[in-house]
Amino acid sequence: MRYIKFLSFLIVLGLASCAPKVAKETTSDAKSTASGDFRSMAPKAGPARAIEIGKSTNFTLANGLKVIVVENHKLPQISYQLTIDRDPILEKEKAGLSSIAGSLLATGTTSKTKAEIDEAVDYIGASLSTNGTGGFASSLTKHSDKILALFSDVILKPSFPQNEFDKIKTQTLSGLQTEKDDPNAISSNVSSALTYGTNHPYGEITNEITVSNINLKDCVDYYHANFKPGTAYLVIVGDITPEVAKSKAENYFGGWTAGKTTPQAYAFPKPVEKTEVDFVDKAGAVQSVINITYAVDMKPGAEDVIPARVMNTILGSGFSGRLFKNLREDKAYTYGAYSSLEPNKLVGQFSANASVRNEVTDSAVTQFLIELNKMKTEPVTAKELELAKAFIAGGFARGLESPQTVANFALNTMMYNLPADYYETYLQKLAAVSIDDVSRVAKKYITPDMARIIVVGNKDEVMAKLTGFDKQDGKIQLYDIYANPKKDESSTVVDVDAKKLIDAYLTAIGGSKLDAVTSLDQTYSMEIQGMSMTTRMVQTAGKFYMAMSMQGSNVMKQVYDGEKAIAEQMGQSAPLEGEDLASMKEKANLFPERMYKTEGYTMEVKGIEDVNGKSCYKLVVTKPSGSKSTEFYDKETFLKVKEINVETSMGETSTTIVEYADYNAVDGITVPYTISISGPMPMPLVMKATSVKVNTPVDPMLFKI
Amino acid sequence: TNMGVNVSDLEMAMDKEVEKVQNELISETEFQKLRNQVESDYVTSNSRVAGIAESLATYYMFFGDANLINNELDRYLAVTREDIQAAAKKYMVPSNRVVLYYLPKSLDTKS
């Protein structure tokens with residue numbers, strides 16, 4: 001018989017080595033194996049070993065800092081984790097403060113600049129990071145004093161450099177810009193805001209307005225109020241004895257001035273009385289993000305936690321969860337459907353979620369509710385129970401491989417006041433979970449009749465079919481991405497005819513004066529990745545020119561000479577054909593809306609919609625090229641404020657959203673001086689007009705191809 | 001490249017860095033930093049059983065010697081600054097490479 005024998009061994013570096021053994025493989029002629037190819041048979045499992053959880057040594061420094069030491073010499077590494085166990089705080093109009101203040105700590109100390117800190121950490125091959133409630137540092141044993149010195153320096157002696165703060169703030173704002181269009185981020189933000197309420201720390205949304213409100217002094221104040229040893233834990237794990245750890249802790253953190261953070265208290269969020277559907281419109285979306293969620297009262301270490309974990313594993317954990325098997329394997333609605341049931345010291349949460357195609361959004365919600373109700377009303381099978389318990393037990397056991405796990409156990413035991421043997425008896429408690437226990441916690445924590453069904457998706461295509469799920473009043477609440485309620489006027493009967501609407505717009509931007517315009521030469525400035533760029537667009541006599549440049553040199557150019565078109569980038573030029581050429585031809589039209597009433601174009605007014613606080617007529621236009629645009633005209637001024645263009649190219653659909661603002665009169669016509677474009681790039685492009693020339697002579701060489 | 005930067009400028013700057021390694025020895029500080037990082041990476045990648053298994057499989061499969069798990073680190077630490085310079089000269093030959101420019105489709109502003 002063929003077998004492979006692995007011998008376990010220790011790796012010890014730098015010091016006397018333990019005898020390393022090499023894996024031996026006994027080869028034998030495969031053909032002589034009676035049972036065939038060995039690779040098709042999994043090796044038999046060995047006997048289950050008794051679980052032994054390592055011990056930790058705990059002590060408290062004079063300044064109140066609690067230190068937890070887990071000694072483990074398997075690897076020549078030591079890690080240090082600082083956790084400030086403060087109550088969550090309300091940041092209000094400065095949401096995002098703790099995160100920014102935390103990052104700032106590692107960017108400068110009283111003796112080192114960020115570059116010096118980074119170089120010192122890199123030199124020893126170590127890692128160091130800080131955050132709003134602590135930090136982490138780790139290195140090989142032989143560099144331990146160096147990394148400790150750096151770690152204690154950034155925690156105890158931060159210098160808060162203004163230029164580093166400005167950098168972090170700019171980076172954060174850029175990141176938030178990307179999030180504005182990300183349906184998963186929108187879902188997460190709106191779910192939190194609605195579930196916990198905006199007066200609760202868990203319900204606050206960090207956005208570009210709140211971050212803009214943050215200044216350096218706020219960060220300094222945050223640090224002084226929250227980085228207090230009396231509320232903190234220092235967890236030391238690895239190649240160190242408790243005696244040495246104690247002396248290091250005292251040496252590097254003993255000087256931290258004593259103090260504690262201020263306790264905070266919050267009301268438990270009010271649940272909905274009946275299930276409601278909340279919708280956030282994402283224009284042009286082809287799929288919906290569904291989140292069925294509500295708060296639960298379940299604290300770490302509570303008696304329900306372990307059975308609830310078993311229950312949630314059966315319902316929605318990974319590939320074996322019922323949600324996954326139903327919505328993905330059976331119905332093919334989604335790449336994955338999952339659920340989570342998280343205990344929390346302040347307030348826990350249940351969530352069942354998936355991203356599904358527009359067409360099956362309502363069907364997916366139906367299946368979610370079927371699974372939730374089934375879990376609530378029917379006992380699970382013995383097989384499901386055993387599988388879930390085996391899965392959790394296996395994960396627990398494998399986690400013990402890392403000394404970090406032992407440290408986390410010690411930390412949790414202290415932070416949550418768990419019984420001293422909580423983790424030692426974890427597997428016993430797990431084994432004792434019965435089908436009845438699972439039923440009990442399912443009845444208690446699975447409440448599909450008192451939930452929020454939050455959907456981020458294409459309002460026009462999806463929303464109407466979800467009204468049946470709203471048991472509150474059969475009406476769906478519409479929200480913007482900041483969880484502000486929005487009025488939905490799309491069902492309002494509209495008194496405007498499409499042709500009249502376009503006429504009103506054309507009148508607003510110049511009326512008869514438009515016919516006298518033979519050329520339009522517009523220059524815009526904008527910032528991309530912190531760099532200034534200029535775009536010039538010229539339209540005349542059926543020709544089109546557009547060039548983007550930086551500091552005088554062209555980055556990109558498009559030219560249509562009435563017949564042919566080219567696109568030039570980075571010095572490479574290529575002709576435009578087919579759909580791209582047709583699109584260029586459309587761009588050459590001065591005031592293309594004049595064409596909307598002609599043959600080949602169809603228009604439909606689709607009610608009223610709120611755009612940035614203003615009521616607008618919504619008009620869907622289909623162009624001869626086949627492309628569609630959804631356009632929004634201000635109800636009072638008739639100016640076009642927004643346009644959504646959906647294009648399909650090579651089987652891929654892309655959505656571009658353009659917003660027009662700051663209309664100004666120039667030589668009798670009215671044009672937008674601010675144009676914002678989002679879709680093609682991760683962040684919106686904001687163009688501001690610096691010059692608009694009407695009927696000035698244009699160099700014909702611009703259009704030479 | 002960031003917007004507004006010519007791809008060929010970036011390429012030239014990268015070529016210059018390669019030439020530097022070929023024509024000069026790296027500094028002692030950089031050298032020691034590399035050695036520290038190699039050692040740290042070695043420990044981290046073998047800190048879990050799964051990592052050890054992967055290392056063993058890689059050493060056996062590609063190098064024919066599972067025992068490398070015990071002495072590969074020493075082999076790295078035996079490398080000198082001169083060795084690094086010689087390797088750069090030997091392998092980083094312009095005629096041996098492919099340069100791929102990945103350029104974005106023209107930015108369609110649609111206004």
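Derivation of every value follows stated rules applied to the coordinates shown; laboratory data play no part. Note that the structure is predicted; figures quoted are calculated from it, not measured. Backbone-built Cβ (ideal geometry, glycine too); neighbour counts: all protein chains shown.
What the table shows:
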| quantity | calculated |
| --- | --- |
| Sites residue B:77 and residue A:527 - FRET efficiency at Förster radius 41 Å, r taken between beta-carbons, to 0.05 | 0.30 |
| Under 18 Å from the residue A:400 label point (7 Å along Cα→beta-carbon), backbone N, the range B:39-69 | B:48-50 |
| Peptides A:61-69, A:551-559, A:262-270, A:96-104 ordered by average Cβ neighbours within 10 Å, highest first | A:96-104, A:61-69, A:551-559, A:262-270 |
| Leading residue at positive end of dipole, the protein assembly as shown (Cβ point charges), from A:373, A:287, A:654 | A:373 |
| Of the DSSP H helices in chain A, those whose Cα atoms cover at least 27 Å axially and whose Kyte score averages -0.5 or more | none |
| For residues of A:121-128, the mean tally of beta carbons on other chains within 10 Å | 4 |
| Span per principal axis, largest first, for the Cα atoms of the protein assembly as shown (Å) | 91, 75, 73 |
| Trypsin sites (Lys or Arg not before Pro) within the range B:36-102: DSSP coil, no more than 16 neighbouring Cβ in 10 Å | B:48, B:97 |
| Magnitude of the charge dipole, the protein assembly as shown, Cβ model with Lys/Arg +1 and Asp/Glu -1, debye to 20 | 1400 debye |
| Pair residue A:572, residue A:387: separation of 7 Å Cα→Cβ label points (nm) | 5.0 nm |
| Charge dipole (the protein assembly as shown, unit charges on Cβ, about Cα centre) - positive-most of A:664, A:469, B:50 | B:50 |
| 10 Å Cβ shell holding at most 12 others, DSSP loop, GluC sites (Glu not before Pro): longest site-free stretch of chain A | A:304-562 |
| With eigenvalues of the C-alpha gyration tensor scaled by 5 and rooted, the range A:619-702, Å | 25, 18, 15 |
| Residue-span extension gain [residue A:268 to residue A:598] - 0.36 nm each, minus C-alpha spacing | 112.8 nm |
| Taking all pairs of distinct alpha-carbon atoms in the range A:172-325, Kirkwood radius in angstrom | 20.6 Å |
| The range A:461-502, dipole about Cα centre (Lys/Arg Cβ +1, Asp/Glu Cβ -1), debye to the nearest 20 | 20 debye |
| Estimated dipole of the range B:22-73 in Debye, rounded to 20 [Cβ of Lys and Arg +1, of Asp and Glu -1, Cα centre] | 200 debye |
| Shielding by other protein chains, A:397-404, mean Cβ within 10 Å | 1 |
| Net lengthening on full extension, residue A:615/residue A:51 (0.36 nm per residue, minus Cα-Cα) | 196.5 nm |
| Shape call, the range A:452-563: gyration tensor on alpha carbons, a/c limit 1.5 | oblate |
| Modelled FRET efficiency - R0 30 Å, residue A:480 with residue A:417, Cβ distances, 0.05 increments | 0.15 |
| Listed residues B:85, B:22, B:32, most fluctuating in chain B (Gaussian network, C-alpha, under 10 Å) | B:32 |
| Sites residue B:102 and residue B:17, calculated FRET efficiency, Cβ-Cβ separation with R0 30 Å, nearest 0.05 | 0.90 |
| Paramagnetic label zone (point 7 Å from Cα along Cα-to-C-beta, residue A:661; backbone N under 16 Å) in the range A:198-222 | A:208-210, A:212 |
| Degrees, to the nearest 10: B:28-45 long Cα axis against longest axis of chain B | 70 degrees |
| Tail weight of P(r) past 24 Å, computed on alpha-carbon pairs of the range A:98-204, percent | 40 percent |
| Partner chain coverage, peptide B:35-42 - average Cβ within 10 angstrom | 5 |
